[in-house]
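Below is one structure, written out as structure tokens; comments come after it.
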Amino acid sequence: MGELNGPGTARNGGQEQRPIFQTTGLTKTYGSGAAAVHALRGVELEIPEGELVVLLGPSGSGKSTLLNILGGIDRASGGEAYFKGNELTAMKERALTAYRRRHVGFVFQFYNLMPSLTAAENVELVAEIAPDPMQAFDALKLVELEARADHFPAELSGGEQQRVAIARAIAKKPTVLFCDEPTGALDSETGVTVLKALQTLNEELGATTLIITHAAATGAIADRVIHFADGRIREVVKNAVKASASDISW
Amino acid sequence: MNVSGHMLSTLDKKLLRDLWRIKGQALAVILVIAAGIALQVMSHGMMRSLEETMRAYYERYRFADIYAPVKRAPAHVVSEIQALDGVSDAIGRITGGGLIELPEAETPVSAKIVSFDPDTFSPINGIYLAEGRMIDPTRRNEILLLRPFAEAHGLSPGDEISITVYGARYRFKISGLALSPEFVYAIPPGAFVSDPASYAIVWASNEAIEAAFDLDGAFNEFLLATARGANSQALIDELDRLLAPYGAIGAFSRADQTSNRYLVEELAQLNTMGRVMTPIFLGVAVFLMNIVITRLVETERDQIGIMKAFGYANHEVGAHYLKFVIVIALAGAVVGWGGGLWLGKLIAGIYQTYFHFPFLVFVAEFGTFAIALAVSGAAAALGAIAAVRSAIALSPAVAMRPPAPPKFARGRGFSGRIFNSVDQLSRMIFRRLAHQPFRAALTTFGIGAAMSLSVMMRFNVNATDYMLDVSFNIVDRSDIFVSFIEPLSQEAVFELGHIEGVTLVEPVRSSPVLFLNKRITQLGAITALSEQPVLNRVVDENLLPVTIRGEGIVLSRQLADLLAAPVGEMIRVELRDGRRPVLDVPVVGVVEALVGTPAYMPIDALNRRLKEPLRISGAYLKADPLKRASVYRELKSFPEIAGVSLQREAYKNFEKVIDEGPGTFRYIMTVFSIVIAVGVVYNSARIGFIERSHDLASLRVMGFTKTEAGYVLLGEIIALVIFALPIGSVLGFLIWSYLAGALSTELYQIPVIYREDGLGYAAMIVLLAATAASAYIQRDINRLDLVSALKTKE
């Protein structure tokens, strides 16, 4: 696959963005026959580069499945998904790994930090395989955790661990940042600090950011909110004005 | 738990399904247990089968309790012996050497000729007639031949052969093929190993051979059966006194009879092998069982909590996990027992080539199975006890919470500046190892144990190679050894030297003696050599030739130890030939000998002491390779020759025997070594994989390749394998040092030779096994479900 930077690598420069992701008729079915579960039932979507997008919807509505397919860790059953004009749904496993390695940052609900590495080392872990990473210290500074750089995950609170996970995800300067329930395991107050970090990073680094959440209030900080229900997009709402993460609560 | 109408309780169904889920790990444990059990069943069963066969054979064919060889004693001495206290029966017989001419053999084949009275009912040292018929005492030309020899040369009853005795040639007809408890292991004097083709036992009537040996109306050996409770040693002393006038060479008990000694030592070796090897396997099994069951209980914490919350009693939960252990132990015992039977039959087949019993059936009694079961159960239970207890101890509430994640904290291992240049994936490996040092140590030790088996086997090979090399290239550099029927004058040396093609002749004189020091006595022989021998040398521990000079005696280390006679000690030597002088000689040296318990003196000193002109009992020859055939032909016409052995043949024979016997065993041990290595590596890697699949999946999601994710897990295993290499080397060396000592006997010494190539070979085996097991786990890594990384842990 090589470089995925198709025509349109321009950073968000004010004019109408060409979509970084585009899907047509995307479906995903688990199992078969009577036991088949239709997680996605034909998703048509365009996400412009550089936006902060929040995906809302009840459990099982298909938002995680969509994120997984766009993140290159799951495969669609039908339809197409494009990243900057490159068809993700046609890529071989090796190409998907390279795609994740080069372009994608993940923030997990349960942080998924390597318990045997310190905060700084967890960040360096990803920096080591990136072509042009930022310094681990700088990444931790962005999430205001530079003072805890030498701590192991077991020595950090949940919110701190999630901020380390964010620092790890952004250290490679990803093109896109996927966050699956990043505040799901955190209390509201801590969750806000995490969202704040994500919002700041989106604005400062320009990485397209997709956040899955149950908390509807989170939608206020997004450029665009996609509502999911029953494997389909029910509604896409564009916010004319984005709220600051510190102004929301749930 | 009773569920009416169902054979299996719900818990038992869970048990079977759980077992199926961890089948790979369970199989690894089962195989390691099975290997240990198989070895135990094989060695113990083989030992019992040999012992039982030997006992029955000895009893039925009245294997003599005491042997009393003499030079010549009139027949009536038998009744004097029979009258001795403690003797229940005694017979006299004639034995001697002869040469059999076989058209296909380039040199004459040595034979031991034994007289036998076919009319005696149930004689001492009876004969098992395997084929044909008994000799007819009225026909003087009939003989019985040892069956394995006959088979090796395609001889059968009715065939005729020529036997040369004292230069006179006799024609005999084979009436039957036979076996005897006396020749279960038939080995000519001075040989390393038994070769059925190169040594014959011939039975003939007294009448048929007395003239040939010049023993008309006389015997040169008495066989005794002792009465129950008789004092053998007292009887032996009595016999020596009684037979002294007839040239007694020294009576000895069954324990010193050559064939019996080889057999008894083989039994001891089997016992040692079983005793040393089985615990290694079972020790590893204990460890594997421990990690498998501990892991199982950890992953089932919530299930244990639910069971307990629903009212299952602690003992029921404990019993459930104990059943796991029982199923695995039972499977290990059954597979091991079956494998042991199979191996036993295989080994019994090999034994039958060298130990000539009328029958040898490998029988593993039920007792061996019971032992196997008990041992297997004990090993498995020992491995599982801690885990089962922790399952019992878990309180339901605690059990339903996931275990705390591994706590890595600052200031504990692998940090700081030195560590800065190490990449993060490698850091994960080092920190894991430092975090669970006990488990890492156990795994390392398990792999080390696997390697030690291979190391041991390679050292065994090295020892054999060394023995071959020392014996045939350093000590004995001759081409041909000829032995004479009785000591000859120096003239024989000149005669041999005049044979066309013989380039060097080195005389040797071997005399039977009784060594005495303080109250210790030992039957043996003195080998008298020329002062600077070239063809047959005596060497010290550095393999440098030792000069035998002066009036003193040089003892092999084993003999010096037996007699408690260090250098400087004065020992008494009673010679049992010539004029039977008694000499007091100083021990002037102690040398290393691999075979037997030799003692050396200079040939002229011995002859001086014997007050005889230079006499020799044999000679080592070097021959022109191009003229060997004519040399052999010439030797055949030498009337005084009792035997001709070709070093080349002996070498080949030795190699062949090693390949078939110990060779098979080595092959089996190598397979077992692989089983352990694969078992340990697979289990460790598999458990590491299960514990860390979430981390590995996260790495994959973050864009790490399969190989990189594999490196984190398998790098840990590789590190442990590398740590295990020196442990396995040292362990193998220690076990082999112990085994070599335990397996060494008076018959031969097993040297401990350290050679790096042995370690290299063993390391290769372990690395290959570890690679295979790792490749299998890499498959699991390749199939990791990445979406699982996004879900909650476990």
* Does B:ALA769 satisfy the condition of being of a type in the set (Gly, Ala, Ser) and more than 14 Å from every other protein chain (Cβ to nearest Cβ)? -> yes
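Restricting attention to the range A:149-173, which residues are over 19 Å from A:VAL192 (Cβ atoms), assigned to a helix (DSSP H, G or I) and more than 11 Å from every other protein chain (Cβ to nearest Cβ)? Break it down into steps so the answer makes sense when it comes.
First, pick out the residues of the range A:149-173 that are over 19 Å from A:VAL192 (Cβ atoms): A:149-155, A:168, A:171-173.
Now narrow it down to the ones that are assigned to a helix (DSSP H, G or I): A:153-155, A:168.
Correct list: empty.
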* **All positions within the range B:399-421 that are modelled with pLDDT of 75 or more and more than 10 Å from chain A (Cβ to nearest Cβ)** => B:SER421
* Asked: Which ones in the range B:608-636 are touching a Pro at 6+ places or on another chain (Cβ under 7 Å), open to solvent by less than 30 Å² (accessible area, probe 1.4 Å) and assigned to a helix (DSSP H, G or I)?
  -> none
* Asked: Do the conditions hold for A:ASP74, that is, is it in a helix (DSSP H, G or I), free of Cβ contacts under 8 Å to residues at least 60 places away in the same chain and surrounded by fewer than 23 Cβ atoms within 10 Å (Cβ to Cβ)?
  -> no
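Being open to solvent by less than 40 Å² (accessible area, probe 1.4 Å), closer than 23 Å to B:ALA200 by Cβ and among the hydrophobic types (A, V, I, L, M, F, W, C) narrows it down to one residue among B:ALA28, B:ALA111, B:ALA56; which is it?
B:ALA111
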* To do: Report yes if B:ILE674 is more than 14 Å from B:LEU433 (Cβ to Cβ) and within 29 Å of the chain's Cα centre (by Cα), otherwise no.
  => yes
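Residue-by-condition table, conditions (1) under 32 Å from the mean Cα position of the chain (by Cα); (2) open to solvent by less than 10 Å² (accessible area, probe 1.4 Å):
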| position | (1), (2) |
| --- | --- |
| B:MET46 | yes, yes |
| B:ILE66 | yes, yes |
| B:LYS71 | no, no |
| B:LEU84 | no, no |
| B:ALA90 | no, yes |
* Return the residue satisfying two criteria in turn: it lies in the range B:262-295 and is more than 18 Å from B:ALA740 (Cα to Cα) and of a type outside the set (A, V, I, L, M, F, W, C), and of such residues it is modelled with the lowest pLDDT. => B:ARG295
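Just one of B:ILE306, B:ILE280, B:ILE249, B:ILE236 is open to solvent by 10 Å² or more (accessible area, probe 1.4 Å), outside any helix (DSSP H, G or I) and not assigned by TED's automatic domain parsing to the domain that holds B:ILE690; which is it?
Working: B:ILE306 fails: outside any helix (DSSP H, G or I); B:ILE280 fails: outside any helix (DSSP H, G or I); B:ILE236 fails: outside any helix (DSSP H, G or I).
So the residue among B:ILE306, B:ILE280, B:ILE249, B:ILE236 that is open to solvent by 10 Å² or more (accessible area, probe 1.4 Å), outside any helix (DSSP H, G or I) and not assigned by TED's automatic domain parsing to the domain that holds B:ILE690 is B:ILE249.
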* Flag for B:GLY703 being under 30 Å from A:VAL104 (Cβ atoms), buried (at least 21 other Cβ atoms within 10 Å of the Cβ), in contact (Cβ under 8 Å) with a residue 24 or more places away in the chain and within 14 Å of another protein chain (Cβ to nearest Cβ) -> no
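Taking A:ALA185 as the residue in question, decide whether it is aliphatic (A, V, I, L, M), free of Cβ contacts under 8 Å to residues at least 24 places away in the same chain, assigned to a loop (DSSP other than H, G, I, E, B) and open to solvent by 20 Å² or more (accessible area, probe 1.4 Å). Step through it out loud before you land on a result.
Values: aliphatic (A, V, I, L, M): yes; free of Cβ contacts under 8 Å to residues at least 24 places away in the same chain: no; assigned to a loop (DSSP other than H, G, I, E, B): yes; open to solvent by 20 Å² or more (accessible area, probe 1.4 Å): yes.
Against the criterion (aliphatic (A, V, I, L, M), free of Cβ contacts under 8 Å to residues at least 24 places away in the same chain, assigned to a loop (DSSP other than H, G, I, E, B) and open to solvent by 20 Å² or more (accessible area, probe 1.4 Å)), A:ALA185 does not qualify.
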* Have a look at A:ILE170, A:ILE129, A:ILE233 and point out the one that is of a type in the set (A, V, I, L, M, F, W, C), touching a Gly at 6+ places or on another chain (Cβ under 8 Å), touching a residue at least 24 places away in the same chain (Cβ under 8 Å) and open to solvent by 20 Å² or more (accessible area, probe 1.4 Å). => A:ILE129
* What do you reckon, is A:GLU204 within 13 Å of the chain's Cα centre (by Cα) and either away from chain B (no Cβ under 14 Å) or not small (Gly, Ala, Ser) (or both)? -> no
* Hey, does the range B:171-178 have a residue that's in contact with a helix residue (DSSP H, G or I) (Cβ under 9 Å, 6 or more places away or on another chain) and open to solvent by 10 Å² or more (accessible area, probe 1.4 Å)? -> yes
* Asked: Can you spot a residue in the range B:215-225 that is open to solvent by less than 20 Å² (accessible area, probe 1.4 Å), under 34 Å from the mean Cα position of the chain (by Cα) and at positive phi?
  -> no
* Mind listing whichever residues of the range A:106-132 are within 8 Å of another protein chain (Cβ to nearest Cβ) and not polar (S, T, N, Q)? => A:PHE106, A:PHE108, A:PHE110, A:MET114, A:PRO115, A:LEU117, A:GLU121, A:GLU124, A:LEU125, A:VAL126, A:GLU128, A:ILE129
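Here's the yes/no breakdown for (1) in contact with an Asp or Glu (Cβ under 7 Å, 6 or more places away or on another chain); (2) within 14 Å of chain A (Cβ to nearest Cβ); (3) not in a helix (DSSP H, G or I):
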site: B:LEU425; (1), (2), (3): yes, yes, no
site: B:ARG431; (1), (2), (3): no, yes, no
site: B:THR444; (1), (2), (3): no, no, no
site: B:LEU453; (1), (2), (3): no, no, no
site: B:PHE459; (1), (2), (3): no, no, no
site: B:SER471; (1), (2), (3): no, no, no
site: B:PRO487; (1), (2), (3): no, no, yes
* Structure fact -> Per the filter on the range B:572-598, residues part of a strand (DSSP E or B) and closer than 19 Å to B:ILE249 by Cβ are B:ARG572, B:VAL573, B:GLU574, B:LEU575, B:VAL582, B:LEU583
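Could you tell me which of the residues B:PHE654, B:PHE672 is touching a Phe, Trp or Tyr at 6+ places or on another chain (Cβ under 6 Å) and within 30 Å of B:GLY274 (Cβ to Cβ)? Walk me through it before giving the result.
Numbers: B:PHE672 fails: touching a Phe, Trp or Tyr at 6+ places or on another chain (Cβ under 6 Å).
Answer to the selection: B:PHE654.
The values are calculated or read from the model by the stated rules, or taken from the named source; none is laboratory data. All values reported here derive from a predicted model rather than from experimental measurement. Virtual Cβ from ideal backbone geometry, glycine too; neighbours counted across all protein chains shown. What goes into the accessible areas is simple: the full protein's heavy atoms, side chains included, and nothing from ligands, DNA or RNA. Shrake-Rupley method; radii C 1.70, N 1.55, O 1.52, S 1.80 Å.
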